[in-house]
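Colleague: Mind having a look at this structure? Questions to follow.
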Amino acid sequence: MAERPRARRETVRLLFLIAPSLFWLLVFFLFPLLLVFAISFGQRGTYGGVRWDLTLENYVRFFDPLYLRIFGRTFSIALTTTFLCLLIGYPLAYFIATRPARWRNGLVLLLMIPFWTNFLIRTYAWLLILRDQGVINTFWTGPLHEFLVQIATALPLPLWEILLRATSQPLHLFGTDGAIIVGLVYGWLPDMVLPCYAAIERLDFSLVEAAQDLYANRFRSFTRVILPLTMPGIIAGSILVFIPSLGAYVTPDLLGGAKSIMLGNVIYSQFMSARDYPFGSAISFVLMAVMLVGTLVYFRMGAE
Amino acid sequence: MAEYAIELRNVSKHFGPVVAVDHVTLSIRDGEFFSLLGPSGCGKTTTLRLIAGFELPTGGEIYIGGQLQGETPPYRRPVNTVFQNYALFPHMTVYENVAFGLEMRRVPKDEIQRRVREALEMVRLPGMENRRPNQLSGGQQQRVALARALVNRPKVLLLDEPLGALDLKLRKAMQLELKALQERVGITFVYVTHDQEEALTMSDRIAVMNEGRVLQVGTPEEIYERPTCRFVADFIGETNFLSGRVKERRPKEVVVLVDGSVEVLVAADREVGVGDEVTIAIRPERISLHAKPPDPRALPGRVEERIYVGTDIRYLVRLTEQTVLSVRQQNPGTDAMIRFSPGDTVYLHWRLPSARLLTE
Ligand SMILES: Nc1ncnc2c1ncn2[C@@H]1O[C@H](COP(=O)(O)OP(=O)(O)OP(=O)(O)O)[C@@H](O)[C@H]1O
Ligand SMILES: [Mg+2]
């Protein structure tokens, strides 16, 4: 019987200890989330605001081809970004993880340094690189074009004609899905590299030797041993890249111009310009549901 | 079939300034149980890795089955390795681990199945096919590692301290089992160990290594009975060393003046000249103690300590100012045995061939 009060005291103490974080989660996370969820079933007031006539109309509206197309584009941009990050990030992580131990921390630091700059500024820098009068196009229509002109006069070939015509005007890089993907890949690359690096660095390389001892060449020891054993890092990295890419707002806003927009921009405009809070909330929730399902499926896949 | 399973000719391996393997020449016969024995850091693992192809020599040549290996990658060499930490694939079952090598060589499925089952039976581990390595005990993991290598029927099996992680009892049992297995399958074993007892009980021949060099190659008996240098005599078993100068050469014997005071007679089994500095090695169990001199050659000494070791009684006997000899007498457990006490004067005696003359 003496156990009871003590157990209760323990519970109270525990509650007391977790209270601050619990409070934080409730007030700043769960409460706003529930609010958004509730609003998504409301209707737009005449002068903005929310009318509490409950309806599913906002969710139905999402299935309009216009929004579905943007959703499709958002999804494929996020997927491409994740894939490219993996393609660049994994070999990079592998390279760093297989350097001598005294180099590794320095290399990871080098990877992180650019990211001490504000995200907005870094994205803006891409704008300066990609736009029609940007760094790439200055070179494209400038030195490269002149160089080709000189070669063409010295050695006339039909091939030069095509190249000369191409370099006589700037490449339209800015305002495309490609520009958004470049910005996103750049922005989220470290989120792919770090978990992959952690997984590869933990890998026991005597297992790779064992595979090679058992007649597996380099390719097969990679696919049969290294890849499966570093899969947790790949999965973590992919999720860390895919989710923010799916909800991206700043990057498409700056690099996508007027034509290329993603779901994040739609949500923003629903809240800030259209003042349609309920529809914005509904889109947010659809996006969240997709992320949740996607993550679960991916984890399940990795567990196999 | 080539005469030797493995030949190393003048093989060296440098890691920057470190000389891990230094001009090693070895010929390992087909079907032999060959051990590389030496203290930690002497280059045993490096030698094995050179044979397996994980490292390339900085000098010299390696032949496997008469074929020069050059830069042949590990996956094209007809050898398999049992790693010290087993290196089992943690994401595969026991079956998948053992099948891995056959699968990589594209052996048909049904043959893989049959051979994996055979290999697991051979290491007495049937019925564990679907377990993961982390669900096995250390001894079982060791057997899986062995099966994973043997299933490929390599010309040569390389084993790097395969029993190092097991407790003493299991280790002893596995030693016998491994040896029996090797005789049954007839595969050449190259076995790395730093445990001299293990090497002596299991090997057909042993190479004793130190600081990257091979000091002596021979059967366990040769290594134990006729060490050619002080390091080998010291490393294998316990040995007393007497240092002195050659005083006189006779046709079959040499007289050595030990510590400038005691004359000791040894068989002249190597060339020495009068005045040379030499060392005499003698095993503690080859010395007998007597209360009265049994022979004019017997040397007087004084018992300093008596240590009870269970199977033996160990005495420390002072011969000269500088030299104390360790002497082991079997403990028959009866009163029949004469026991000496510290302070007693005793006579040390041994058969002439028991003492070995070493130069250096
Ligand atoms: N990759 C490496 N880089 C630098 N030095 C190395 C490397 N591998 C081994 N060495 C050095 O080479 C020497 C021999 O090492 P090796 O591992 O062959 O010894 P060993 O006889 O197997 O020792 P142990 O019984 O402790 O396993 C050591 O001095 C070691 O430090
Ligand atoms: Mg070793």
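The values are calculated or read from the model by the stated rules, or taken from the named source; none is laboratory data. As the structure is a computational prediction, the values presented were derived from the model and not from experiment. Heads up, the Cβs are rebuilt from the backbone with ideal geometry, glycines too, and the neighbour counts pull from every protein chain shown.
Colleague: Pick from A:LEU229, A:LEU214, A:LEU207: which is facing chain B (nearest Cβ under 10 Å), within 26 Å of B:ARG49 (Cα to Cα), crowded, with 19+ Cβ neighbours inside 10 Å and touching a His at 6+ places or on another chain (Cβ under 7 Å)?
Modeller: A:LEU229
Colleague: Would you mind telling me which numbered condition in (1) assigned to a loop (DSSP other than H, G, I, E, B); (2) within 15 Å of ligand 1 (Cβ to nearest atom); (3) touching a residue at least 60 places away in the same chain (Cβ under 8 Å) B:LEU48 fails?
Modeller: (1)
Colleague: Can you confirm whether B:GLY164 is more than 19 Å from B:ASN97 (Cβ to Cβ) and assigned to a loop (DSSP other than H, G, I, E, B)?
Modeller: Yes.
Colleague: Oh, and also: Can you give me the ranges of the strands (runs of 3 or more DSSP E) entirely in segment B:254-331 with at least 1 residues that are free of Cβ contacts under 8 Å to residues at least 12 places away in the same chain?
Modeller: B:299-308
Colleague: If you take the residues in segment B:61-118 that are among the polar types (S, T, N, Q) and assigned to a loop (DSSP other than H, G, I, E, B), which one is farthest from ligand 1 (Cβ to nearest atom)?
Modeller: B:THR93
Colleague: Are there any pairs with C-beta distances below 7 angstrom linking a residue in segment A:103-114 that is farther than 15 Å from A:GLY89 by Cα to a residue that is at pLDDT below 90 and loosely packed, with under 10 Cβ neighbours inside 10 Å, with the two at least 6 apart or on different chains, and if so which?
Modeller: Every condition considered, no pair remains.
Colleague: Looking for whichever is touching a Ser or Thr at 6+ places or on another chain (Cβ under 8 Å) and more than 16 Å from ligand 2 (Cβ to nearest atom) here; the options are B:PHE100, B:PHE83, B:PHE89, B:PHE33. Which one fits?
Modeller: The conditions single out B:PHE33.
Colleague: While we're here: Identify all residues within segment B:240-268 that are surrounded by fewer than 19 Cβ atoms within 10 Å (Cβ to Cβ) and within 24 Å of the chain's Cα centre (by Cα); write none if there are none.
Modeller: If the condition is that a residue be surrounded by fewer than 19 Cβ atoms within 10 Å (Cβ to Cβ) and within 24 Å of the chain's Cα centre (by Cα), then B:PHE241 is the only one that fits.
Colleague: In the same structural domain as B:PRO220 (by TED's automatic domain parsing), touching a His at 6+ places or on another chain (Cβ under 7 Å), within 16 Å of ligand 2 (Cβ to nearest atom) and farther than 20 Å from B:PHE100 by Cβ - does that describe any residue in segment B:40-48?
Modeller: Checking segment B:40-48: at least one residue is in the same structural domain as B:PRO220 (by TED's automatic domain parsing), touching a His at 6+ places or on another chain (Cβ under 7 Å), within 16 Å of ligand 2 (Cβ to nearest atom) and farther than 20 Å from B:PHE100 by Cβ.
Colleague: Would you please list the contacts, defined by Cβ atoms under 8 Å and residues six or more apart or on different chains, that run from a residue in segment B:77-95 that is within 8 Å of another protein chain (Cβ to nearest Cβ) and of a type in the set (Gly, Ala, Ser) to a residue that is surrounded by fewer than 24 Cβ atoms within 10 Å (Cβ to Cβ) and in a loop (DSSP other than H, G, I, E, B)?
Modeller: B:ALA87/A:ASP204
Colleague: Something else about it: Take residues that are of a type in the set (A, V, I, L, M) and tell me which of the helices (runs of 4 or more DSSP H) falling wholly in segment A:165-239 contain 3 or more.
Modeller: Details: elements: A:177-202, A:206-213, A:218-221.
By residue number, A:177-202, A:206-213.
Colleague: Related question: Conditions first: (1) surrounded by 18 or more Cβ atoms within 10 Å (Cβ to Cβ); (2) more than 10 Å from chain A (Cβ to nearest Cβ). B:PRO108 passes all but one, so which condition is the exception?
Modeller: (1)
Colleague: Related question: Six or more apart or on different chains, Cβ atoms under 6 Å: show the pairs whose first residue is in segment B:166-184 and farther than 21 Å from B:ARG153 by Cα and whose second is surrounded by fewer than 14 Cβ atoms within 10 Å (Cβ to Cβ).
Modeller: That search, which allows pairs on different chains as well, returns B:LEU166/B:GLY138.
Colleague: Give segment B:156-174 a look and list any residue that's at pLDDT 90 or above and away from ligand 1 (no atom under 16 Å from the Cβ), or say none.
Modeller: B:VAL156, B:LEU157 - these are the residues of segment B:156-174 that are at pLDDT 90 or above and away from ligand 1 (no atom under 16 Å from the Cβ).
Colleague: Keeping to segment B:11-63, report how many residues are at positive phi, surrounded by fewer than 18 Cβ atoms within 10 Å (Cβ to Cβ) and within 14 Å of another protein chain (Cβ to nearest Cβ).
Modeller: 1
Colleague: Among B:ARG153, B:ARG148, B:ARG131, which is the only one that is in contact with a helix residue (DSSP H, G or I) (Cβ under 9 Å, 6 or more places away or on another chain), within 13 Å of chain A (Cβ to nearest Cβ) and surrounded by fewer than 18 Cβ atoms within 10 Å (Cβ to Cβ)?
Modeller: Exactly one residue qualifies, and that residue is B:ARG153.
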